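All remarks here apply to the structure that follows.
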Amino acid sequence: MLDDGIKDLLEKIYASKRTPWNQIPLPALRRALLKAIKSYDMEAVELAEVSNAHTDTGIAVRIYRPRLDAQLPVLMYLHGGGWVTLDLDSHDAVCRLLAKTGDCIVVAVDYRLAPEHRFPAGIEDAVATFLWLRTQVHKWNGDPSRIGIGGDSAGANIGMAVCRLLESDPDVKPALQCLIYPVTDTVTLTESRRSFNKGYGIDQPELDFYEKNYLNHISERHDLRVSPLLADDVSHYPPTLIFTAGYDPLRDEGDAMAAKLEQQGVPVVHRCFGNLIHGFLQMGSVPAARAAIDEIAQSLNEAWRRLP
């Protein structure tokens, strides 16, 4: 059953949804979404150090260090937002919590957004940043043997593409991936995409809006960097955490990805938060969403300790 706090929040969200997204100038849409997130996001936790930097190719990153007295694993985090919206600020609170409770250094990436930079620009930025941070972790007292990739929604989709592209090099490939309501299949009309395509925070016109702005052509839906669930072989992926939401159009494809990885021998931790919706990471003022975020961060903490 849908959480009562989420129901109340949905009423507020839809009260403000008066104009179709494709009729709003993109800069104004991006500002409006950030403003909305600030109104129902959770309070930011304090960390030992938060700093901003740029990679050698000019990509902005934000580095979250929960403590400075120990060598910690590192999670490169890729924010959601349909490849088109959101940024480092929209995910600041959740990155802080992942660092604090996950007991790891989080490096959030401000990858290029579409439509100014369409597929595969964001993936190229993520690969370049991952390779760069491997050369930098010693500066933050990071553990070079435990560097993973995390992300939500479109960010999780990009993260999976990075893992695929780096799979052939055991010295470079990520040690784990943490995927939160990931986009894994833009081709198949799943039951959850049919059932929750209106009234649950992200509607079908908005999913179409994101895809239209991200892809150069509809045929790219079949590219395995866009729809990784379509791959026959997914055994190359590192140990994986997958979290989905019960009332999310993307639920079924996330659940299917977890099942496929497990079937092919990849260690998987999978949890569906049955009473939540897509985007709950930015709804931390709702107790049920905050509890889920806490659980994700704790699962990440445990996953680091399972790595060799």
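The values are calculated or read from the model by the stated rules, or taken from the named source; none is laboratory data. Because the structure is a prediction, the values reported are computed rather than measured. Using ideal geometry, Cβ is built from the backbone for each residue, glycine included, and neighbour counts are taken over all protein chains shown.
In contact with an Asp or Glu (Cβ under 9 Å, 6 or more places away or on another chain), under 26 Å from residue 307 (Cβ atoms) and modelled with pLDDT of 95 or more: is that true of residue 202 in this structure?
Working: in contact with an Asp or Glu (Cβ under 9 Å, 6 or more places away or on another chain): yes; under 26 Å from residue 307 (Cβ atoms): no; modelled with pLDDT of 95 or more: yes.
So residue 202 fails the test.
Only one of 108, 53, 48 is under 24 Å from residue 121 (Cα atoms), touching a Lys or Arg at 6+ places or on another chain (Cβ under 7 Å), hydrophobic (A, V, I, L, M, F, W, C) and modelled with pLDDT of 95 or more; which?
Values: 53 fails: touching a Lys or Arg at 6+ places or on another chain (Cβ under 7 Å); 48 fails: under 24 Å from residue 121 (Cα atoms).
Testing whether each residue is under 24 Å from residue 121 (Cα atoms), touching a Lys or Arg at 6+ places or on another chain (Cβ under 7 Å), hydrophobic (A, V, I, L, M, F, W, C) and modelled with pLDDT of 95 or more leaves just 108.
Right, residue 126: more than 17 Å from residue 300 (Cβ to Cβ) and assigned to a helix (DSSP H, G or I) or not? Give the steps one after another, and end with the answer.
Working: more than 17 Å from residue 300 (Cβ to Cβ): yes; assigned to a helix (DSSP H, G or I): yes.
So residue 126 passes the test.
Condition check: free of Cβ contacts under 8 Å to residues at least 40 places away in the same chain, small (Gly, Ala, Ser) and either within 16 Å of residue 60 (Cα to Cα) or in contact with an Asp or Glu (Cβ under 7 Å, 6 or more places away or on another chain) (or both). Does residue 126 satisfy that?
Values: free of Cβ contacts under 8 Å to residues at least 40 places away in the same chain: no; small (Gly, Ala, Ser): yes; either within 16 Å of residue 60 (Cα to Cα) or in contact with an Asp or Glu (Cβ under 7 Å, 6 or more places away or on another chain) (or both): yes.
Taking the combined requirement at face value, the residue does not satisfy it.
What are the pairs with Cβ atoms under 9 angstrom where one residue, in the range 193-206, is closer than 12 Å to residue 278 by Cα and in contact (Cβ under 8 Å) with a residue 24 or more places away in the chain and the other, located anywhere, is of a type in the set (Val, Ile, Thr) and assigned to a loop (DSSP other than H, G, I, E, B)? Sequence gap at least six, or different chains.
Here the result reads 196/202; 196/277; 200/277; 201/277; 202/277, each pair linking the range 193-206 to a residue that is of a type in the set (Val, Ile, Thr) and assigned to a loop (DSSP other than H, G, I, E, B).
Which residue out of 58, 5 is in contact (Cβ under 8 Å) with a residue 24 or more places away in the chain and farther than 27 Å from residue 303 by Cα? Talk me through it step by step, then tell me what you get.
Numbers: 58 fails: in contact (Cβ under 8 Å) with a residue 24 or more places away in the chain.
After applying the criteria, what remains is 5.
Could you check the range 231-286 and list, in sequence order, the residues that are of a type in the set (Phe, Trp, Tyr) and assigned to a loop (DSSP other than H, G, I, E, B)? Give the steps one after another, and end with the answer.
Start the filter on the range 231-286 by keeping residues that are of a type in the set (Phe, Trp, Tyr), which leaves 237, 243, 247, 273, 280.
If the condition is that a residue be of a type in the set (Phe, Trp, Tyr) and assigned to a loop (DSSP other than H, G, I, E, B), then 237, 247 are the ones that fit.
Is at least one residue of the range 223-235 under 29 Å from residue 36 (Cα atoms) and out of contact with any helix residue (DSSP H, G or I) (no Cβ under 8 Å at 6 or more places or on another chain)?
There is no residue in the range 223-235 that is under 29 Å from residue 36 (Cα atoms) and out of contact with any helix residue (DSSP H, G or I) (no Cβ under 8 Å at 6 or more places or on another chain).
Quick check on residue 88: is it among the aliphatic types (A, V, I, L, M), under 20 Å from residue 283 (Cβ atoms) and buried (at least 21 other Cβ atoms within 10 Å of the Cβ)? Don't jump to the end; show me each part of the working.
Values: among the aliphatic types (A, V, I, L, M): yes; under 20 Å from residue 283 (Cβ atoms): yes; buried (at least 21 other Cβ atoms within 10 Å of the Cβ): no.
Against the criterion (among the aliphatic types (A, V, I, L, M), under 20 Å from residue 283 (Cβ atoms) and buried (at least 21 other Cβ atoms within 10 Å of the Cβ)), residue 88 does not qualify.
Would you check which residues across the range 175-189 are surrounded by 17 or more Cβ atoms within 10 Å (Cβ to Cβ), part of a loop (DSSP other than H, G, I, E, B) and on the phi < 0 side of the Ramachandran plot and list them? Show your work before the answer.
So the first thing to find is which residues in the range 175-189 are surrounded by 17 or more Cβ atoms within 10 Å (Cβ to Cβ), and the list is 175-186.
Add one more test, that the residue is part of a loop (DSSP other than H, G, I, E, B), and what stays is 175-176, 181-186.
Once the filter is applied, which keeps residues that are surrounded by 17 or more Cβ atoms within 10 Å (Cβ to Cβ), part of a loop (DSSP other than H, G, I, E, B) and on the phi < 0 side of the Ramachandran plot, the range 175-189 yields 175, 176, 182, 183, 184, 185, 186.
Could you check, for the range 160-174, whether at least one of its residues is among the charged types (D, E, K, R), farther than 20 Å from residue 270 by Cβ and either without any contact (Cβ under 8 Å) to a residue 24 or more places away in the chain or not in a loop (DSSP other than H, G, I, E, B) (or both)?
Here is the first cut: in the range 160-174, the ones among the charged types (D, E, K, R) are 164, 167, 169, 171, 173.
Filter once more, so that each one left must be farther than 20 Å from residue 270 by Cβ: 167, 169, 171, 173.
Right, trim to either without any contact (Cβ under 8 Å) to a residue 24 or more places away in the chain or not in a loop (DSSP other than H, G, I, E, B) (or both) and you get 169, 171.
Yes.
What strands (runs of 3 or more DSSP E) completely inside the range 1-114 contain at least 3 residues that are out of contact with any Leu (no Cβ under 8 Å at 6 or more places or on another chain)? Write out each step before concluding.
Working: elements: 49-54, 60-65, 72-78, 105-109.
Passing ranges, in order: 49-54.
Please work out which one of (1) crowded, with 20+ Cβ neighbours inside 10 Å; (2) in contact (Cβ under 8 Å) with a residue 40 or more places away in the chain; (3) more than 20 Å from residue 202 (Cα to Cα); (4) in contact with a Phe, Trp or Tyr (Cβ under 8 Å, 6 or more places away or on another chain) is the condition residue 229 fails and give its number.
(4)
Would the range 137-148 turn up any residue that is of a type outside the set (Asp, Glu), surrounded by 24 or more Cβ atoms within 10 Å (Cβ to Cβ) and under 19 Å from the mean Cα position of the chain (by Cα)?
Let us first name the residues in the range 137-148 that are of a type outside the set (Asp, Glu), namely 137-142, 144-148.
Now narrow it down to the ones that are surrounded by 24 or more Cβ atoms within 10 Å (Cβ to Cβ): 148.
Checking the rest, the ones that are also under 19 Å from the mean Cα position of the chain (by Cα) come to 148.
Yes, there is a match, as at least one residue in the range 137-148 is of a type outside the set (Asp, Glu), surrounded by 24 or more Cβ atoms within 10 Å (Cβ to Cβ) and under 19 Å from the mean Cα position of the chain (by Cα).
I'd like to know if the range 135-142 contains one or more residues that are part of a strand (DSSP E or B) and over 17 Å from residue 282 (Cα atoms). Walk me through it before giving the result.
Step one: filter the range 135-142 for residues part of a strand (DSSP E or B), giving 142.
Now drop any that are not over 17 Å from residue 282 (Cα atoms), which leaves 142.
Within the range 135-142, one or more residues are part of a strand (DSSP E or B) and over 17 Å from residue 282 (Cα atoms).
If only one of 172, 137 is of a type outside the set (Lys, Arg), modelled with pLDDT under 95 and at negative phi, which one is it? Show your work before the answer.
Numbers: 137 fails: modelled with pLDDT under 95.
Among 172, 137, only 172 is of a type outside the set (Lys, Arg), modelled with pLDDT under 95 and at negative phi.
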